[in-house]
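What follows is a set of notes on a single structure, which appears directly below.
Values quoted throughout were computed directly from the atomic coordinates according to the rules given, and no laboratory measurement underlies them. Nothing here was measured: the structure is a model prediction, and the numbers come from that model. Cβ placement follows ideal geometry from the backbone for every residue including glycine, while neighbour counts extend to all protein chains displayed.
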Amino acid sequence: MSGIRVLVAGASIAGPALAHWLHRRGAEVTVVERAPGLRPGGQAVDARGVAKEVIRRMGLDAAVRAACTDTAGAYTVDVDGNVLETFRADDHGGDGYIAEIEILRGDLSRVLYDDTRDSVEYVFGDRIAELTRDADGVDVTFAGGARRRFDLVIGADGLHSALRAMVFGPRERFVRHLGLVLAFYSVPNEFGVDRWLIDYQESGRSAGLRPLPDATRAMAMLSFSAADFDVDHRDVAAQKRLLRERMAGFGWLTPRILDHLDDTPDFYLDQVAQVVMDRWSSGRVGLLGDAAFSSSPMSGGGTGLALVGAYLLAGELAAAGWDPEAGLAGYEARMRPFVEANQEIGRMHVQSREAPAPDAEPSPEPDMEALMELVERAINGVELPDYAEVPDSGGPVGSPITSSVTP
Ligand SMILES: Cc1cc2nc3c(=O)[nH]c(=O)nc-3n(C[C@H](O)[C@H](O)[C@H](O)COP(=O)(O)OP(=O)(O)OC[C@H]3O[C@@H](n4cnc5c(N)ncnc54)[C@H](O)[C@@H]3O)c2cc1C
């Protein structure tokens with residue numbers, strides 16, 4: 001044991017993945033999650049390229065694959081439902097638009113939690129209320145009243161991170177809205193959705209349906225451009241009104257999908273946003289995952305960033321002998337170009353859905369070579385050291401996963 005005590009805020013993807021690696025490197029880990037239990041739900045998230053290698057090094061390849069969705073691919077359609085383009089899950093070595101490792105966020109969170117629950121302390125239904133930092137540690141007061149001291153505190157508490165606001169500054173300074181609003185909710189599968197995702201796009205709006213593990217239902221996905229989004233993220237009735245308004249007159253199956261807005265048991269709507277920060281650490285406090293560098297759901301890379309970041313953060317800290325400054329600086333130096341590539345993909349994807357202005361010049365043909373080079377950097381553009389010199393209480397399982405993007 002290094003005797004190092006680390007507090008991690010957030011038990012979704014980044015938090016439990018970091019807990020796994022910190023424990024393996026010899027730290028004592030506590031994870032505090034604001035929700036009363038592990039949060040179920042969420043859309044499908046993907047792991048491509050190096051993120052798959054991290055899953056393998058965690059020994060979780062079989063568990064993750066067993067919990068994957070069974071999506072065969074996606075196709076785009078015109079307003080009458082005629083197929084325009086097809087993307088298969090096994091395209092590009094499984095690292096394409098629909099990834100071979102596609103898993104519901106809640107299911108991945110469950111796999112990561114089950115893997116760490118016996119070696120890590122989880123505290124649900126609580127949060128950090130106050131932090132006092134000195135040269136040797138951090139005193140934490142929890143909202144539930146407990147007071148404890150840690151050597152390091154890491155925020156893996158998502159896009160709306162409270163720890164980031166407490167230590168680095170207000171949300172507005174770091175969260176960038178990309179001008180697109182996304183909504184998801186489940187509907188009865190009266191549309192005959194099978195193993196394929198269907199997507200219809202036109203003039204800055206889109207509607208789609210994707211399969212769910214419960215084949216009697218399908219997930220509706222709607223999006224519209226909106227620079228002026230100002231609906232409270234807790235006011236669901238106002239969000240549904242806004243969605244009806246903005247999707248009015250949109251073709252394909254949209255009216256029938258909207259008919260289920262009032263009988264859906266689940267509903268999510270939010271601005272597509274990224275987090276952009278100059279630094280992801282300050283003294284003994286660091287950030288990981290969406291809290292530090294959300295790339296937005298439109299990048300398809302947020303979960304991969306969280307998994308890879310967890311591996312590097314724990315590895316760099318241990319390799320630096322748990323010196324916070326050196327360890328956190330090493331993590332940041334390795335991760336930043338990888339994060340930037342994924343954020344660029346997210347922004348480009350949003351732009352590609354924007355409606356052209358009526359008097360706009362036709363956009364130039366994309367430079368496919370540059371685009372494929374960017375995609376490759378977003379999937380594989382970070383080195384994973386083996387950290388052979390630092391303690392490891394668990395070994396990798398299975399043979400290496402190779403992955404490549406075919407331009
Ligand atoms: C319920 C839910 C649904 C999601 N659905 C999708 C989706 O459909 N598509 C998609 O691409 N991405 C989705 N995401 C985001 C996706 O999980 C992340 O982009 C990515 O996996 C990185 O995860 P993360 O662990 O950094 O952040 P998140 O997954 O956002 O997790 C943050 C965790 O921190 C907890 N938390 C928040 N504040 C505090 C606090 N003050 N103290 C302690 N804990 C706190 C949250 O409850 C949550 O469990 C969803 C996240 C959640 C929580």
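A few notes on this one:
- Förster radius 45 Å - calculated FRET efficiency between Asp392 and Asp263, Cβ distance, rounded to 0.05: 0.35
- You can think of it this way: the chain between Arg65 and Asp134 has 20.5 nm of extra reach, that is 0.36 nm per residue less the Cα-Cα gap.
- Seen against the Cα atoms of the chain and their longest principal axis, helix 14-24 is set at about 30 degrees.
- Which of Thr216, Thr303 has the fewest Cβ neighbours within 10 Å, and the rest in rising order: Thr216, Thr303
- Relative packing of 262-274, 50-62, which averages over residues the other C-beta atoms within 10 Å, highest first: 50-62, 262-274
- Relative exposure of Ser203, Ser109, judged by other C-beta atoms within 10 Å (fewest first): Ser203, Ser109
- Per-residue Cβ neighbour rank within 10 angstrom, fewest leading, Leu197, Leu112: Leu197, Leu112
- Degrees, to the nearest 10: 324-353 long Cα axis against longest axis of the chain: 0
- Charge dipole magnitude, Cβ of K and R +1, D and E -1 - the chain, Cα centre, debye nearest 20: 1160
- Rg/Rh, computed from the Cα trace of the stretch 176-273 with Rh as the Kirkwood radius, has the value 0.95.
- Highest mean packing first, where packing is the average number of other Cβ atoms within 10 Å per residue, the peptides 292-300, 160-168, 118-126 line up as 292-300, 160-168, 118-126.
- Modelled FRET efficiency - R0 30 Å, Glu325 with Ala143, Cβ distances, 0.05 increments: 0.55
- Global form of the stretch 32-107, assessed from the alpha-carbon gyration tensor, a/c cut-off 1.5: oblate
- Placing R0 at 25 angstrom, the Cβ-Cβ distance between Ala227 and Glu373 gives a FRET efficiency of 0.25 after rounding to 0.05.
- As a size descriptor, the averaged projected area of the C-alpha convex hull of the chain was calculated at 19.9 nm².
- Loop sites in the stretch 272-381: trypsin sites (Lys or Arg not before Pro), DSSP, at most 14 other Cβ within 10 Å: Arg279
- The chain - percent relative contact order, Cα under 8 Å, separation 6 or more: 22
- Label-zone membership for the stretch 45-71, site Ser119, 7 angstrom Cα→C-beta point, backbone N under 15 Å: 55-61
- Note on Ala215 and Val79: the model spin-label points, each 7 Å out from Cα along the C-beta direction, lie 3.3 nm apart.
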